[in-house]
Amino acid sequence: MSAPSAHDVCIVGGGVTGAGIARDLSLRGLSVLLLEKGDWGAGTTGNSSWMIHGGPRYLEFDWNTTRLSTQDAGYIVSIARNLVYRVVFIIPVMPHDKNNIERMETAMEVYDRFQPLKKAHPHTRLTAAEALQVEPGLTPDLIGAVTMEEWGVDPYRLVFANVQDAVAHGARALNHTRVVGLVRDGGKVIGVRYRGSDGATSEARAKVVVNAAGPWVPEISRMAGADVHLRPAKGIHIVYPHRISNFSISAESIDGRDLLMVSHAGFTLLGTTDDDFYGDLDSVDVLEDEVDYLLQAFERVFPSIRAYRPVRTTTGVRPTLFKWRRYEDELSRRYEVIDHAKDGAEGFVTIAGGKLSMYRLMAEQTSDVVCRKLGHQAPCVTATRPLPGNESDVEPAAELGRRSGITALAAMKLQTRHGSNAGAVLKDSRSGRMICRCEPITEAELAHAARHEQVRTLADAFRRVGLAAGPCAGAACVLRAAGIIGGELGWSASQRFDAAREFVRGAWLGRAPVLGHSGWAQEELAVGSWRGLRN
Ligand SMILES: Cc1cc2nc3c(=O)[nH]c(=O)nc-3n(C[C@H](O)[C@H](O)[C@H](O)COP(=O)(O)OP(=O)(O)OC[C@H]3O[C@@H](n4cnc5c(N)ncnc54)[C@H](O)[C@@H]3O)c2cc1C
């Protein structure tokens with residue numbers, strides 16, 4: 001084992017919380033090591049509903065969370081302008097719904113008071129005819145609707161932008177690196193032991209270790225002999241590779257819960273469930289029952305939903321704080337910063353609970369606790385300091401496209417990931433040739449991601465640049481992508497093939513729960529062609 005590196009702070013977990021803390025502390029001048037066992041954002045963060053929102057339904061039982069997350073959402077949308085977009089909901093009201101139109105409008109009037117905090121517009125009340133005019137796919141049985149505005153975000157890029165900025169300010173950030181133990185001096189935590197992707201184990205010393213492992217928080221805290229009690233709750237989504245509607249739509253489930261069909265930039269997420277989870281956090285399956293539960297609810301308000309072809313499912317586990325005698329979706333989304341000095345583990349701090357929409361505030365308060373422990377005085381600047389790519393305005397996409405020989409759509413997609421740094425990405429040696437017919441990603445961006453954005457697998461490329469996110473789900477592009485990434489990372493021909501096959505297998509596992517009869521037949525053909533390629 002090599003000599004341990006030394007840092008002020010080591011952070012365990014590269015979801016949005018850990019990445020946010022790494023950025024905050026680096027900007028305050030501390031030396032930071034950030035370790036993520038998978039890839040940036042690949043835990044709960046990337047499997048969320050991709051919304052920076054206030055959560056109007058928390059108003060009923062936890063209005064302070066609505067206030068805090070709306071306020072923090074306001075900061076996030078102004079420091080990450082390239083990563084966010086407005087998402088407008090239609091909330092249809094059906095006969096016999098739990099909330100009639102008056103109750104629904106009253107709730108929205110209350111929520112409107114919070115909306116200016118996140119730069120969103122107030123609601124509108126629609127008659128049934130007006131709702132059907134703007135979205136003819138809604139059921140004619142509805143009796144009225146209200147609108148509501150939220151923000152969508154690319155959580156993978158949000159996490160990575162925080163990592164990038166932390167690194168730009170001196171942090172070391174390693175993905176595919178698992179913390180396997182803590183280094184102790186008596187009760188005191190003085191560092192971590194970690195295993196990198198090469199299988200080698202190393203040690204790093206730190207004055208403070210921060211546990212930001214989302215639903216894995218209890219596992220890491222046990223390494224320090226401390227008990228953090230969560231009530232993890234699983235959620236799934238069905239993913240469609242296009243927009244079903246220009247509006248996002250809510251629906252009531254059979255047991256009266258609020259479900260959402262969210263229209264993101266170029267795809268649709270339909271979700272989400274919220275169920276106590278007792279299984280293995282590293283192997284969470286989507287069940288066909290869960291898919292049916294969602295489709296049943298949406299069929300009631302959007303009758304043609306089953307005619308659309310999903311491309312995959314996602315699943316994640318919420319790191320919710322423990323509470324007895326509550327339904328899962330009534331659990332508070334509060335968070336807690338815990339200094340484990342009280343448990344005899346000096347030098348160890350946990351951040352548990354919370355939401356993506358208030359990650360910046362959670363990071364600020366965790367960083368305040370760390371700075372106090374270190375006697376370090378420096379103010380938090382993350383509320384106003386732009387994330388990378390937001391320091392200046394982006395040029396018109398058509399202009400960038402014309403200059404670089406790519407379509408305006410491809411240029412615009414590039415800008416949504418890289419903001420004002422998009423032009424620099426295209427300067428990387430490779431051409432502006434597209435990787436895929438259905439998702440406009442250039443060879444240059446993929447090469448850049450392998451060279452500068454810690455992409456080590458094709459699944460990393462899916463998260464970093466949206467490889468195989470389109471309707472082909474990789475069928476048309478993974479072999480080519482493996483060639484480009486493999487070229488950058490020095491993979492042999494068989495390593496490139498294995499990488500592509502591993503990606504296809506992973507994609508199939510995510511798709512299986514939403515396959516019908518014809519879907520299975522198509523999959524058999526695809527799997528057969530991969531076998532043929534190997535022989
Ligand atoms: C279905 C669903 C939908 C949601 N939708 C929304 C939404 O729209 N808006 C919103 O605000 N919130 C939403 N949430 C909640 C939100 O996603 C989470 O609160 C947030 O993303 C948690 O981030 P995190 O960084 O704390 O955890 P994570 O993203 O899980 O990050 C923790 C990281 O720690 C890593 N890790 C674990 N163990 C180790 C180890 N030993 N060594 C190194 N690394 C380790 C994991 O790999 C993981 O990447 C949703 C949650 C779910 C499940």
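Couple of notes before you dig in:
- Alpha carbon convex hull of the stretch 1-112, projected area averaged over orientations, nm²: 10.4
- Set of lysines with alpha-carbon distance to LYS427 below 23 Å, sequence-local pairs under 8 removed: LYS413
- From the C-alpha gyration tensor of the stretch 412-526, square roots of 5λ in Å: 26, 16, 11
- The relative contact order of the chain comes to 17 percent, based on Cα pairs under 8 Å that sit 6 or more residues apart.
- The stretch 1-76: relative contact order as a whole-number percent, Cα under 8 Å and 6+ apart: 25
- Rh by Kirkwood over Cα pairs, then Stokes-Einstein D for the stretch 304-438 at 1.002 mPa s and 20 °C, µm²/s: 108
- When the helices of the chain are scored as -39500 (n - 2.57) per DSSP H run of n ≥ 4 and the total is divided over every residue, the value at 222 nm lands at -11000 deg cm²/dmol.
- For the stretch 27-182, the Kirkwood hydrodynamic radius from C-alpha pairs, put into Stokes-Einstein at 20 °C and a viscosity of 1.002 mPa s, yields a diffusion coefficient of 118 µm² per second.
- With 21 Å as the limit, the listed pairs LYS188/LYS373; LYS323/LYS355; LYS207/LYS355; LYS118/LYS355; LYS37/LYS118 have LYS207/LYS355; LYS37/LYS118 beyond it between alpha carbons.
- All Cα-Cα distances of the stretch 250-381, cut into 5 Å bins from zero to the largest, leave 2, 8, 14, 15, 16, 14, 10, 8, 7, 4, 2, 1, 0 percent in each bin in turn.
- A convex hull fitted to the Cα coordinates of the stretch 114-172 yields 128 cubic angstrom per residue.
- Least to most buried among VAL84, VAL514 (fewest other Cβ within 10 Å first): VAL514, VAL84
- Diffusion constant of the stretch 109-249 at 37 °C, which comes from Stokes-Einstein with the Kirkwood Cα-pair radius and 0.692 mPa s, µm²/s: 161
- When SER304, SER245, SER2 are sorted by how many other C-beta atoms sit within 10 angstrom of their C-beta, beginning with the fewest, the order is SER2, SER304, SER245.
- Straight Cα distances below 17 angstrom link LYS119 to the aspartates and glutamates ASP72, GLU109, GLU149, GLU150, with same-chain residues fewer than 8 positions distant left out.
- Relative contact order of the stretch 256-334, defined on C-alpha pairs under 8 angstrom at six or more residues apart (%): 26
- The stretch 1-48: projected area of the alpha-carbon convex hull, averaged over directions, in nm²: 3.8
- The calculated pair-distance distribution of the stretch 370-474 uses every alpha carbon pair, bins of 5 angstrom beginning at 0, and gives 2, 12, 20, 20, 16, 9, 7, 6, 4, 3, 1 percent.
- Cα pair count fraction exceeding 47 Å, expressed as % - the chain: 9
Bear in mind these aren't lab numbers, they're just calculated from the coordinates by the rules spelled out. Quick caveat: nothing in here was measured; it's all calculated off a predicted structure. Neighbour counts are summed over all protein chains in view; Cβ atoms, including those assigned to glycine, are modelled from backbone coordinates with ideal geometry.
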